[in-house]
Every structure is written in C-alpha cells, then in structure tokens.
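Written below as structure tokens is the structure these notes are about.
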Amino acid sequence: MLQLRSFTFNPFMENTYVLYDETKEAVIFDPGCYEKREQQTLQAFVTAEGLTVKYLINTHCHIDHVLGNAFVKRTFNVPLLMHQFEIPVLKSVASYASNYGFPAYEESEPEHLIDESDEIKFGNTVLKIRFVPGHAPGHLIFYNESAKICIAGDTLFQGSIGRTDLPGGDHQTLLDAIKSQLFTLPEDMTVYSGHGPETNIGLEKEHNPFVGKRARF
Ligand SMILES: [Zn+2]
Ligand SMILES: [Zn+2]
C-alpha cells in the first residue's frame, strides 16, 4: 500500500513529501529542508522506516521546493527528475538565494528530464504525471490511481491556487490547466499541495473561489 509522509520545511512553510510502499522503496518530492535540523529530520525518517530512496522529484523549481535538492541527492545518492522547462527556474535560484536569506544554498542539476508522457515507477507503485503550467512553466503533478494520492505542488491549494506573478507564471494558463488536468481526476483523490493542508478534487471543484463552481475571480 502506498504511504505518504509530509514535512513542512523552511520559512515558506513548504511541504516536502515522501511516498513509499510495502517494498520500502521511496521517492522524495520537493525537499525544502535547509537548516541542519530539517535535513536531519528527513534523513532520520528515511532511516527509521528503512526506506530506499529511488528518485528525487521536483514538481517545479521555486526556491522553497529545491533548498534540499543537493542534500537529498548527496545523502541518498539519487537522481533528480524534473521537467525541462524548469531548468532555467532552477538555475536562477542561485542568483537570488542569498537575498532571500539562504546563503548556504547549494546548486543542483537534473539527471533526467520528464514530462506527462512518462511514469514514475518504484517498488510496486506507478505514478502518472500531468503537465500543469501557469504557476511555473514546467510544473508537473503526480498521482497514483489506486491510493488516490496526488502531489500537486503549487498548482491547487485548499481554497486557493498558486500565485502567477513570478517569472514564467500566467493566471489564465493556470486556471485552464487546473480545470483540464486536475479537475478531470477522480473527485475523491486527495490533493497534497506544496503549502497548507491537503484537500481533494471534489471539494475544490465545489468550493474553490478561483476555479470552483462559484468562482469569484
Ligand atoms: Zn512555487
Ligand atoms: Zn511553494
């Protein structure tokens, strides 16, 4: 059975997710760990559960989601997977990390470029991928159909959506992508977002003020 553990790291309160199944193989999404104690928290969980981390995956490459990339790659000796459109987003982080208060930020590079035609396989688990641009140019979401778990990054939040005022962002693109790519998933699929609590597709279709039935914006 697919299991999920979340951690909230760094001053942006970013959610880092570890997915793993009965084989103890795991993938780590968007490691936001920056401080030593945050890194130790993540490593201690992996060790305590006896997990073998197979991949590091970025839904997108804003600073809050990649602060722990280099640490995770080095510690677990895993390749980084992301969409090619996020390469410039990732590269630019080094230029502004200090200004944001992260002088010890370490750069990282992807080993594999992925898109919505790929699948992520680890243990007995398959994750499907959808392309949801608008918050970031190469934003991907990942979901498992049987466990009904979706890792949504900064596309859809409980009662909100991702901001679109950053470079590569576009409001209408995000609205369209959420409706076509997220709202076509099963209504009882749990959505684990990059910030804040989890929600599900049905709830957001009904109540989300940006993209729901009674959207006000
Ligand atoms: Zn973001
Ligand atoms: Zn974020």
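The values are calculated or read from the model by the stated rules, or taken from the named source; none is laboratory data. This structure is a prediction, so every number in the text was calculated from the model and none was measured. Every residue, glycine among them, receives a Cβ derived from its backbone with ideal geometry; neighbour counts consider all protein chains shown. We work out accessible area using only protein heavy atoms, side chains counted, and drop any ligands, DNA or RNA first. Shrake-Rupley method; radii C 1.70, N 1.55, O 1.52, S 1.80 Å.
Only the Cβ atoms of Lys and Arg (+1) and of Asp and Glu (-1) were treated as charged; on that basis the dipole of the range 115-172 about its Cα centre amounts to roughly 220 debye.
Give me the tail of P(r) for the range 149-217 as a percent: Cα-Cα pairs with distance above 16 Å. Distances greater than 16 Å cover 39 percent of the Cα pairs. Any idea how far the Cα center of the range 76-145 sits from the one of the range 157-217, in Å? Using only Cα atoms to place each centre, the spacing works out to 19 Å.
Per residue, the solvent-accessible area of the range 159-217 (1.4 Å probe, heavy atoms of protein chains only, all protein chains present) comes to 52 Å². With contributions of -39500 (n - 2.57) from each DSSP H run of at least four residues, the per-residue ellipticity at 222 nm computed over the chain stands at -6500 deg cm²/dmol. Amide H to amide H distances under 5 Å link Phe157 with Gly162, where only residues 5 or more positions off or on other chains count and H is placed in the peptide plane.
Packing here is the average count of other Cβ atoms within 10 Å per residue, and on that basis the peptides 152-161, 121-130, 8-17, highest first, run 152-161, 8-17, 121-130.
Rolling a 1.4 Å probe across all protein chains gives Ser117 an accessible area of roughly 100 Å². Phe131 contributes an accessible area of around 50 Å² to the protein surface, as traced by a 1.4 Å probe with all chains present. With 30 Å as the limit on Cα-Cα distance, the pairs of Lys54/Lys148; Lys24/Lys213; Lys73/Lys121 that go past it are Lys24/Lys213.
Once C-alpha pairs closer than 8 Å and six or more residues apart are averaged by separation and normalised to the residue number of the chain, the relative contact order reads 15 percent.
What is the log10 of I(q)/I(0) for the range 37-113, computed with the Debye formula using one identical point scatterer on each Cα and no solvent, at q = 0.11, 0.21, 0.23 Å⁻¹? Computed log10 I(q)/I(0) values: -0.28, -0.96, -1.09.
Each 5 Å bin from 0 upward holds the following percent of the Cα-Cα pairs of the chain: 1, 7, 16, 21, 21, 17, 10, 5, 1, 0.
The stretch between His112 and Glu22, if pulled fully straight at 0.36 nm per residue, gains 29.9 nm over its current Cα-Cα span. Solvent-accessible surface (1.4 Å probe) assigned to Tyr100 amounts to roughly 120 Å².
Taking the protein heavy atoms of the chain in the context of the full set of protein chains, the accessible area attributed to carbon and sulfur is 49 percent at 1.4 Å.
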